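Below is the structure I would like to discuss, written out as structure tokens.
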Amino acid sequence: MADSLVSMVAYCAIMSGTPGPNNVMLANSGANFGYRRTLPYLLGICAGVFAITVLVCTGLGAVFTAYPVFHSVLKVAGAAYLGVLAWKIANSSGTGEGATAKAQGFADGALFQLVNPKSWLKAVTLATLFMPANFSLPTSAIIVAIVGLAVAFPLLSCWACFGVVLRRFLTSPLRLRIFNVATGLSLFVLAITILF
């Protein structure tokens, strides 16, 4: 059990800490709005991933195995949504200090996970490889989701804080514009790689 827990923690760290849609969005939000205004979005991401993990671990993952077309639909929907986000970010204009600037909230972060293929991949892998066998199915699913959450929150916070550190260097509108365009392009590249 201890070996399996160490492996699960390592897997969750890799999935949560490496660049992906959530991390890019958190770094961008941290740079534009600061950590405090990014926190609801970060908590929404955590809640969304937690819910998906529990659902997949309790049986939804079997649907993806039985009907691979759902996986393809998810990939296309996720890539399309990332493309829209890439466009919005690349065309955003400020540090969140203007009257119209608004950080994404809890619901945005949670709902984004529905089309985030990396979150689904993480959940399916956790359900397939790391479910504890000596508990009931719901208990095992919650254990796995809690471990994933405990690992993800500090790593995702690091990405938001990375954005906050970058904010200190984005003191001119031109620098911030370049950063937002680069972030948008990064999300667009992620969207393309999801499709292929």
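With every protein chain present, what is the per residue accessible area of the chain (1.4 Å probe, Å²)?
That works out to 51 Å² for each residue.
When the accessible area of segment 39-163 is computed with all protein chains present and a 1.4 Å probe, what percentage of it is carbon and sulfur?
76 percent
Which residue, Asn23, Val54, Ile89, has the largest displacement toward the positive end of the dipole of the chain when charges sit on each Cβ (Lys, Arg +1; Asp, Glu -1)?
My answer, from the dipole projection, is Ile89.
So what is the calculated 222 nm ellipticity per residue for the chain, using -39500 (n - 2.57) for each DSSP H run with n of 4 or more, over all residues, to the nearest 500 deg cm²/dmol?
Computed mean residue ellipticity for the chain: -26000 deg cm²/dmol.
Ok, one more. List, in order, the whole-Hz ³J(HN,Hα) value for each residue of segment 179-196 obtained from phi through the Karplus relation with A = 6.51, B = -1.76, C = 1.60 and θ = phi - 60°; use x for Gly and Pro.
4, 5, 5, 5, 5, x, 5, 4, 5, 5, 4, 4, 4, 5, 5, 5, 6, 10
Say the dipole of the chain comes from +1 at the beta carbon of Lys and Arg and -1 at that of Asp and Glu; which of Phe130, Ile178, Val164 then lies farthest toward its positive end?
Ile178
Can you tell me the 0 to 90 degree angle between the C-alpha axis of helix 137-167 and the longest principal axis of the chain, rounded to 10?
20 degrees
Still on this structure, I have one more. Using a cut-off of 18 Å between alpha-carbon atoms, which lysines can reach Lys102, once sequence neighbours fewer than 8 places away in the same chain are excluded?
Lys88
I would also like to ask the following. How far is the Cα center of segment 115-187 from the Cα center of segment 31-69, in Å?
9 Å
Sequence neighbours fewer than 8 away in the same chain don't count; with that in mind, list the lysines whose C-alpha is under 17 Å from Lys75.
List returned: Lys118, Lys122.
Let me ask another. GNM, the chain, Cα, under 10 Å: largest mean-square fluctuation among Ser92, Ser136, Ser16?
Top of the fluctuation ranking is Ser136.
Mind listing the long-range amide H neighbours of Phe130? Cut-off is under 5 Å, sequence gap 5 or more, other chains count too, H placed in the peptide plane at 1.01 Å from N.
The list, which skips near neighbours in sequence, is empty: none.
Let me ask something else about it. How large is the charge dipole for the chain, taken about the Cα centre, if only the Cβ atoms of Lys, Arg (+1) and Asp, Glu (-1) carry charge, to the nearest 20 debye?
With Lys and Arg at +1 and Asp and Glu at -1, about 560 debye.
Further, regarding this structure: Explain nothing, just compute: Karplus ³J(HN,Hα) = 6.51 cos²θ - 1.76 cosθ + 1.60, θ = phi - 60°, for every residue of segment 113-127 in order, whole Hz, x for Gly and Pro.
Listing the rounded values in order: 5, 4, 10, 8, x, 5, 5, 5, 4, 4, 5, 5, 5, 4, 5 Hz.
The values are calculated or read from the model by the stated rules, or taken from the named source; none is laboratory data. Since we're looking at a predicted model, the values are computed, not measured. Cβ atoms come from the backbone with ideal geometry, glycine included; neighbour counts cover every protein chain shown. Calculation scope for accessible area: heavy atoms of the full protein, side chains included, ligands and nucleic acids excluded. Shrake-Rupley method; radii C 1.70, N 1.55, O 1.52, S 1.80 Å.
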